[in-house]
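The values are calculated or read from the model by the stated rules, or taken from the named source; none is laboratory data. Just so it is clear, the model here is predicted, and its values are computed rather than measured. Please note: Cβ atoms are built from the backbone with ideal geometry, for glycine as well, and neighbour counts cover all protein chains shown. Just so you know, the surface numbers come from the protein's heavy atoms only, side chains and all, with ligands and any DNA or RNA stripped out. Shrake-Rupley method; radii C 1.70, N 1.55, O 1.52, S 1.80 Å.
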Amino acid sequence: MEKKSMKLNAVLNGIKTFVSILFPIITFPYITRVLGADNIGKINFSNSIVNYFLLIAALGVSSYAIREGAALRKDRQRINEFLRQIFSINLVTMVIAYILLAFTLIVSTKIRSYSTIVLIQSLNVFFTVIGVEWVYSIYEDYLYITVRTILVQVISLILTFVFVRGADDYVTYVWISVLASGGANLINFFYAFKYCRLIPTAHMQIAKHLKPMIILGCNTLAVTIYVNSDITILGFMKDDYCVGIYSNAVKIYTVVKQIINALIIVALPRLSALYGNGEYKEYNRLIEKVLKALTLLLLPVVTGLILLSDETVVLISGPKYAAGAASLRILSIAIAFSILASFFTTAILLPRKKEKYILKATMISALVNIGLNFILIPVFSEKGAAMTTVLAEFLTMTIAMHYSKGDYAVAGVGGTFLKSLCGCLGIGAVCLGLKSLIGNFVVYTVISIVCSVIIYGIIIVVLKEDIVCGILKDLIRKINKGEQDV
């Protein structure tokens, strides 16, 4: 099989992740103003409930399939058998998830009051299972995923602006959101036949696959609990308005986190293959590059988001959501801990099949998060929910770092951190200086972002950060080669 370009995969996966979030962000300013904070709160509270059952259906399938499938993809017969087995197990877990959801709607009066939205959003469980996106990650087919994502998001964008016109259209908006992702997953299923005919099989080898899948599934469930439980508990203890302004901050937080985390996700198949084949030198070299790249991206993004939280919330959602800026500022800190935790769990522990340590880290964090939610939310409302997320992400990162000791070798990351930190000081000086000069918050935000990117880039180049300098040298070499060819 043709070896995919790591740089191209990173770019494509970054574009795909960015686009899948960008289009909802384009519609979000419109939706928040048209539907109002209360309806946004209803939608997000219902979605937080459905997410638990979505994870039950997922059962760690994606991480397990990518890790194991990456090592089998050169063997046509074995990979086809493996893919059918995983898909069949996933269908069984989907049925279990729907049974548990039905039981929950029967016994919970609170959740039953949101039944219409919950039932519509529950279609995501079916669409996600048949979407088999893990197949494309195994084969590193990010070009297809990127093109498909853009097309579906464009359709969703158009439908939202055409059919969602007032506060009473919140159910219509839910339908559009679900069918947009559902349409993409339907296309996924049929296009996957390019690699394997995903026909269910009774020969699932459950005993072989189930234990690692459950461990990975419990890990993902634990992560979702300490991320998702904030909105769930906030919905039970407060009101739809609090959920609305907090979920607005969470959406921005999630966008930023997913875009940066795309760098880790796209590296997972290659890291698993290198480690599985005993190419430890190449593995450590890739680990170092990923960690340096994360450092260069993570620090300036967190710095900028902290400084521009008020402007970001108002610009995206309007003045009625301004109270959510404090939550976003707190969540900005959580981004740093979350990305580093993801690095140690996904890039270090997962390829070594140390799922039990990942599970331990996330389970402890989830339990701490839930306990703190019940303590902090009654006192600090949505800000308390944000605080618990920071603490949970920090705890996960700390535990994952502890269990990763001695499993990787990197050099020069400390130097990259110091150079990035110097660049962040430049960002702080730019943003604080411009704030005293520019009165219009829209103009201030745009100019601050542009100037921050420029000053950060200049500082990094002047300090001769090797990754950035390497990219510039490659670019100059290609330009010179192009001129010579002409």
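Residue-level analysis places Leu72 among those that are open to solvent by 10 Å² or more (accessible area, probe 1.4 Å) and either in contact with a strand residue (DSSP E or B) (Cβ under 7 Å, 6 or more places away or on another chain) or at pLDDT below 85 (or both).
In the condition set (1) aromatic (Phe, Trp, Tyr); (2) surrounded by 21 or more Cβ atoms within 10 Å (Cβ to Cβ); (3) at pLDDT 85 or above, Tyr241 is compliant with all but (2). When the helices (runs of 4 or more DSSP H) confined to the range 70-137 are screened for residues that are closer than 21 Å to Leu210 by Cβ and among the polar types (S, T, N, Q), those reaching at least 2 such residues are found at 76-107.
Does Ala326 count as aliphatic (A, V, I, L, M), under 24 Å from Gly41 (Cβ atoms) and out of contact with any Ser or Thr (no Cβ under 8 Å at 6 or more places or on another chain)?
Numbers: aliphatic (A, V, I, L, M): yes; under 24 Å from Gly41 (Cβ atoms): yes; out of contact with any Ser or Thr (no Cβ under 8 Å at 6 or more places or on another chain): no.
No, not satisfied.
Taking the conditions (1) within 27 Å of Leu234 (Cα to Cα); (2) open to solvent by 60 Å² or more (accessible area, probe 1.4 Å) in turn, Gln121 satisfies each one other than (2).
Checked against (1) buried (at least 21 other Cβ atoms within 10 Å of the Cβ); (2) at pLDDT 85 or above; (3) of a type in the set (D, E, K, R), Lys110 passes all but condition (1).
For the range 331-344, the criterion of a residue being among the aliphatic types (A, V, I, L, M), out of contact with any Cys (no Cβ under 6 Å at 6 or more places or on another chain), without any contact (Cβ under 8 Å) to a residue 12 or more places away in the chain and surrounded by fewer than 23 Cβ atoms within 10 Å (Cβ to Cβ) is satisfied by no position.
Select, from Leu299, Leu328, the only residue that is open to solvent by 20 Å² or more (accessible area, probe 1.4 Å) and in a helix (DSSP H, G or I). Step through it out loud before you land on a result.
Working: Leu328 fails: open to solvent by 20 Å² or more (accessible area, probe 1.4 Å).
Among Leu299, Leu328, only Leu299 is open to solvent by 20 Å² or more (accessible area, probe 1.4 Å) and in a helix (DSSP H, G or I).
Residues considered: Leu55, Leu91. Of these, the only one that is open to solvent by 20 Å² or more (accessible area, probe 1.4 Å), touching a Ser or Thr at 6+ places or on another chain (Cβ under 6 Å) and at pLDDT 75 or above is Leu55.
Residues in the range 394-408: is at least one of a type in the set (A, V, I, L, M) and more than 26 Å from the chain's Cα centre (by Cα)? Checked the range 394-408: no residue is of a type in the set (A, V, I, L, M) and more than 26 Å from the chain's Cα centre (by Cα).
If you go through the range 306-325 and pick out every residue that is open to solvent by less than 20 Å² (accessible area, probe 1.4 Å), touching a residue at least 24 places away in the same chain (Cβ under 8 Å) and either at negative phi or part of a helix (DSSP H, G or I) (or both), you end up with 7.
Please work out if Asn261 is crowded, with 23+ Cβ neighbours inside 10 Å and within 29 Å of Lys383 (Cα to Cα). Spelling it out, it is not the case that Asn261 is crowded, with 23+ Cβ neighbours inside 10 Å and within 29 Å of Lys383 (Cα to Cα).
Rundown of residues vs (1) among the polar types (S, T, N, Q); (2) at negative phi; (3) over 21 Å from the mean Cα position of the chain (by Cα); (4) open to solvent by less than 30 Å² (accessible area, probe 1.4 Å), yes/no style:
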residue: Lys353; (1), (2), (3), (4): no, no, yes, no
residue: Ile358; (1), (2), (3), (4): no, yes, no, yes
residue: Met363; (1), (2), (3), (4): no, yes, no, no
residue: Ala366; (1), (2), (3), (4): no, yes, no, yes
residue: Asn369; (1), (2), (3), (4): yes, yes, no, yes
residue: Asn373; (1), (2), (3), (4): yes, yes, yes, yes
residue: Ser381; (1), (2), (3), (4): yes, no, yes, yes
residue: Gly384; (1), (2), (3), (4): no, yes, yes, yes
residue: Thr389; (1), (2), (3), (4): yes, yes, no, yes
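Does the range 246-256 include one or more residues that are in contact with an Asp or Glu (Cβ under 7 Å, 6 or more places away or on another chain) and open to solvent by less than 30 Å² (accessible area, probe 1.4 Å)? Within the range 246-256, one or more residues are in contact with an Asp or Glu (Cβ under 7 Å, 6 or more places away or on another chain) and open to solvent by less than 30 Å² (accessible area, probe 1.4 Å).
Quick check on Met363: is it in a helix (DSSP H, G or I) and either farther than 22 Å from Tyr64 by Cβ or without any contact (Cβ under 8 Å) to a residue 12 or more places away in the chain (or both)?
Working: in a helix (DSSP H, G or I): yes; either farther than 22 Å from Tyr64 by Cβ or without any contact (Cβ under 8 Å) to a residue 12 or more places away in the chain (or both): no.
No: the conditions fail for Met363.
Restricted to the range 399-413, and to residues there that are of a type in the set (Val, Ile, Thr) and surrounded by fewer than 16 Cβ atoms within 10 Å (Cβ to Cβ), the residue that is nearest to Asp230 (Cα to Cα) is Val413. Specify the residue that is surrounded by the fewest Cβ atoms within 10 Å (Cβ to Cβ); the eligible residues are those in the range 137-150 that are closer than 22 Å to Ser177 by Cβ and touching a residue at least 24 places away in the same chain (Cβ under 8 Å). Per the criteria, the residue is Ile150. Sub-6 Å Cβ pairs linking a first residue in the range 269-283 that is under 15 Å from Tyr139 (Cα atoms) to a second residue that is buried (at least 17 other Cβ atoms within 10 Å of the Cβ) and among the β-branched types (Val, Ile, Thr), at least 6 apart or interchain, are Pro269/Ile66, ordered by first then second residue.
When the range 416-444 is limited to residues that are touching a residue at least 12 places away in the same chain (Cβ under 8 Å) and closer than 26 Å to Tyr283 by Cβ, the one that is most open to solvent (accessible area, probe 1.4 Å) turns out to be Phe417. List every residue pair whose Cβ atoms lie under 7 Å apart, where the two residues are 6 or more positions apart in sequence or sit on different chains, the first residue falls within the range 91-114 and is more than 29 Å from Ala202 (Cα to Cα), and the second residue, located anywhere, is open to solvent by 80 Å² or more (accessible area, probe 1.4 Å) and at pLDDT below 95. Filtered contacts from the range 91-114: Leu105/Arg112; Lys110/Phe236. Restricting the range 178-210 to residues that are free of Cβ contacts under 8 Å to residues at least 40 places away in the same chain and open to solvent by less than 60 Å² (accessible area, probe 1.4 Å) leaves a set whose member that is nearest to Phe28 (Cα to Cα) is Ala180.
Going through the range 379-408 one residue at a time, which ones are in a helix (DSSP H, G or I) and either among the polar types (S, T, N, Q) or in contact with a His (Cβ under 8 Å, 6 or more places away or on another chain) (or both)? Listed by number, the residues that qualify are Thr388, Thr389, Thr396, Thr398, Ser404.
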